[in-house]
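Heads up: the structure comes next, in structure tokens.
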Amino acid sequence: MSDKLRHYVSTSMFNPNETQELTPEQERFYMASQWKMMWWRLKRHRIAVLSGSILVLMYISILFAEILATYSLPHRHTDYIFAPPQSVQFFNKGQFVGPFVMGLDYNLNLKTLRREYTPNPDKVQKLRFICHGDSYKFWGLYEMDLHFICPAPGGTFFFLGTDRLGRDIWSRIIYGARISLTVGLIGIAISFFLGLTIGGAAGFFGGWVDNLAQRSIEILRSIPELPLWMGLSAAMPEDWSPLTVFFGLTIILGLVDWPGLARAVRSKLLSLREEDFCTAATLMGARPRRVIARHLLPNFMSHLIASATLSIPSMILAETALSFLGLGLRPPVTSWGVLLVEAQNFQAVAVYPWLLFPAVPVIITVLAFNFFGDGLRDAADPYK
């Protein structure tokens with residue numbers, strides 16, 4: 001009996017006006033907005049934070065692609081066709097030299113008719129940083145020649161090797177990121193607009209509007225996506241300019257991807273339109289557009305952002321697949337899918353495996369978007 005807690009009854013008078021003061025930490029938590037609580041929960045998801053940081057760096061890099069690339073986009077090294085990657089070293093013969101690469105000696109194997117390159121230890125080529133190299137037009141406006149890293153004067157630096165025309169693969173991956181990463185953003189913007197508009201109208205008005213939207217969604221969802229992409233891409237005229245093909249491809253990806261988002265918006269609005277705050281706004285004379293935009297959509301905008309984040313990698317993969325099959329972007333436009341066209345020949349890949357390097361940023365980007373989207377989806381409901 002001695003181990004049991006004693007029954008405690010307070011003998012003080014009950015005061016209904018008495019309030020318990022909150023500590024600064026408690027007040028900070030209880031007074032926080034939903035967006036702030038989402039940010040706190042997202043920070044606890046370490047993989048999502050790391051993935052988001054990688055995506056931010058990648059999207060910042062496309063703004064300075066010309067500076068980060070070692071060579072300009074049209075630069076060809078005719079003496080170094082299918083040259084292997086040059087590894088960066090710091091010590092030469094036991095002495096610290098700094099970042100450098102060894103020059104390549106070229107030899108044509110007459111038996112296999114293959115180009116063979118061997119590093120020459122006597123050709124020490126120190127790398128230069130924040131230097132002047134190939135000239136280019138920054139953002140197509142300003143003539144510049146500044147690069148983050150450059151080879152030694154008269155030397156070469158092929159971080160990821162070269163292709164069949166002697167073009168530096170690393171530089172082409174940097175330039176290709178500008179196209180491949182923006183395709184997903186523009187495509188999701190089109191899909192987001194259509195999904196919110198059609199799904200919002202179907203969920204709020206119901207009736208024949210809902211039936212028409214639902215039947216349209218079911219028809220589009222019943223068609224396999226890849227054949228639909230291929231058919232629409234093949235319908236684009238061959239005489240279109242690369243810029244027109246780029247926008248045409250993004251519009252196709254956006255038009256095909258909106259049904260899933262429209263269904264999510266519709267289901268949310270069907271439940272929210274019966275709430276008291278929605279009825280009050282309608283009785284006070286608010287137009288349907290204002291009720292949807294100012295009262296209904298903000299209640300689940302966090303979920304929509306998470307859904308959009310998870311849809312971007314599918315668009316990047318779609319552009320890569322279509323360009324790989326020759327139905328998307330075509331040279332001289334440079335994207336990750338266009339670069340992977342070089343890897344269609346399995347014999348070439350077996351001999352020159354560095355041609356598969358453009359697939360690495362595609363994998364990293366898709367995984368980063370998926371992990372970041374999972375973190376946003378978990379953080380979208382911070383009260384769980």
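Just so it is clear, none of the values below were taken in a lab; they were calculated from the coordinates. Fair warning: this is a prediction, and the values are worked out from it, not measured in the lab. Here the Cβ is made from the backbone with ideal geometry for all residues, glycine too, and neighbour counts use every protein chain on show.
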Practice prompt. Starting from the Cα gyration tensor of segment 159-235, take the square roots of the eigenvalues, sort them a ≥ b ≥ c, and report rounded, prolate or oblate (rounded when a/c is under 1.5, otherwise prolate if a/b is larger than b/c, else oblate).
Written response: prolate
Fill in: Pairs of lysines in the chain (C-alpha under 27 Å apart; 8 or more residues apart or interchain)
8
Discussion item. Over segment 171-379, what is the relative contact order in percent, taking alpha-carbon pairs closer than 8 angstrom and at least six residues apart?
Written reply: 30 percent
Item to complete: Within 10 Å, count the other beta carbons around each residue, average over each peptide in 334-343, 90-99, and list them highest first.
Response: 334-343, 90-99
Worksheet entry | Angle in degrees between helix 169-205 and the longest Cα principal axis of the chain, rounded to the nearest 10 | 20 degrees
Worksheet item: To the nearest 10 degrees, how steep is helix 242-272 against the longest Cα principal axis of the chain, on a 0 to 90 scale?
Response: 20 degrees
Worksheet item: Could you give P(r) for segment 86-157, binned at 10 Å from zero, as whole percent values over all Cα-Cα pairs?
Response: 18, 35, 26, 17, 3
Response to the item:
Rounded to the nearest 10 degrees, the helix 34-44 long axis (Cα) sits at an angle to the longest Cα principal axis of the chain of 50 degrees
Worksheet item: How much length, in nm to one decimal, is gained on full extension between R164 and F247, taken as 0.36 nm per residue of separation minus their Cα-Cα distance?
Response: 27.0 nm
Item to complete: Could you line up L57, L376 from fewest to most neighbouring Cβ atoms inside 10 Å?
Response: L57, L376
Response to the item:
Phi-derived 3J(HN,Hα) across segment 101-111 with the Karplus relation (6.51, -1.76, 1.60, θ = phi - 60°), rounded Hz, x for Gly and Pro, is 10, 8, x, 9, 9, 9, 8, 9, 6, 6, 7
Discussion item. Can you work out the Karplus-derived ³J(HN,Hα) for every residue in segment 48-54? Use 6.51 cos²θ - 1.76 cosθ + 1.60 with θ = phi - 60°, whole Hz, and x for glycine or proline.
Written reply: 5, 5, 4, 5, x, 5, 4
Worksheet, complete the sentence: With DSSP loop assignment and no more than 13 other C-beta atoms within 10 Å, the GluC sites (Glu not before Pro) in segment 181-263 are E238
Practice prompt. Can you tell me which of 148-157, 62-71, 317-326 comes out highest on packing, and rank the rest after it, using the mean Cβ neighbours within 10 Å?
Written response: 317-326, 62-71, 148-157
Fill in: Principal axis dimensions, largest first and in whole angstrom, of segment 171-379 by Cα
71, 37, 27
Worksheet item: In what order do V124, V56, V265 fall by count of nearby beta-carbon atoms within 10 Å, going from fewest to most?
Response: V56, V124, V265
